[in-house]
Amino acid sequence: NAGVTQTPKFQVLKTGQSMTLQCAQDMNHNSMYWYRQDPGMGLRLIYYSASEGTTDKGEVPNGYNVSRLNKREFSLRLESAAPSQTSVYFCATDRGLGYTFGSGTRLTVV
Amino acid sequence: DAKTTQPTSMDCAEGRAANLPCNHSTISGNEYVYWYRQIHSQGPQYIIHGLKNNETNEMASLIITEDRKSSTLILPHATLRDTAVYYCIGVNAGGTSYGKLTFGQGTILTVHP
């Protein structure tokens, strides 16, 4: 089925550990996005990629890096995880007529 | 992007129409009004969007006032599965915003049996 796939679905990290959240879309869209959602809050944009080979900062980029590996894949990396990065992370893609979101990665940093 | 204002929460009886208001008095001429919803623990789901005209699809209807300062999302026959947080978002189709979504707090819609 067409859509956005995120891996892993759940992850627990210790403070200072690193990890990469993976996102892949099979909708052939140019733009992709990473959001985080803290409990009881709306989504906040971390980074986005308008097209393959380009990335730009969103509202809350500190502590994260991204890679647009190809048109399908957009990864989010935490180099040194902090408890403040405990959140649910959503990847999304857009063809200009509405976003399609993945099911999210629940990350806990202890 | 326009700042949007929505009620914090609303209730609706199952089978009745749910009318969710949104105020976007600062919306600019090239900003679309988008509606998304988020069912607990899931990723947001696109519902509908519009610019000036009223829109309808298989999920909902969107009524935009003539001055475009407010809109209403209508779920014609609400079911228990429509219980979710509903977000009204102004989206600039061009320029530096490049369609990025800015989510507010949304409206928690609870549909009761």
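Values quoted throughout were computed directly from the atomic coordinates according to the rules given, and no laboratory measurement underlies them. Since this is a predicted model, take the numbers as computed values, not measurements. Using ideal geometry, Cβ is built from the backbone for each residue, glycine included, and neighbour counts are taken over all protein chains shown.
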Mean projection area, nm², convex hull over Cα of region A:59-110: 4.4 nm²
Size of charge dipole - chain B - debye, nearest 20, with Cβ of Lys, Arg +1 and Asp, Glu -1, no other charges: 160 debye
Rounded, prolate or oblate (a/c below 1.5 giving rounded, otherwise prolate when a/b exceeds b/c) for chain A by Cα gyration tensor: prolate
Label-point gap, in nm, between B:T79 and B:Q105 - each point 7 angstrom along Cα→Cβ: 3.1 nm
Efficiency of FRET from Cβ geometry, A:F10 and B:S9, R₀ 35 Å, rounded to 0.05: 0.75
D_trans [Stokes-Einstein, Kirkwood Rh over alpha-carbon pairs] for the protein assembly as shown, 25 °C, 0.890 mPa s, µm² s⁻¹: 136 µm²/s
Calculated diffusion of region B:1-62, Stokes-Einstein form, Kirkwood radius summed over Cα pairs, 20 °C and 1.002 mPa s, µm²/s: 160 µm²/s
Proxy reagent accessibility, fewest Cβ within 10 Å first, across A:K14, A:K57: A:K14, A:K57
Calculated FRET efficiency for the pair B:S41/A:V110, C-beta based, R₀ 22 Å, to 0.05: 0.60
Highest-MSF residue in chain A out of A:V12, A:V66, A:V88 [GNM, Cα springs under 10 Å]: A:V12
Sorted by Cβ neighbour density within 10 Å, fewest at the top, the residues B:H40, B:H49, B:H24: B:H40, B:H49, B:H24
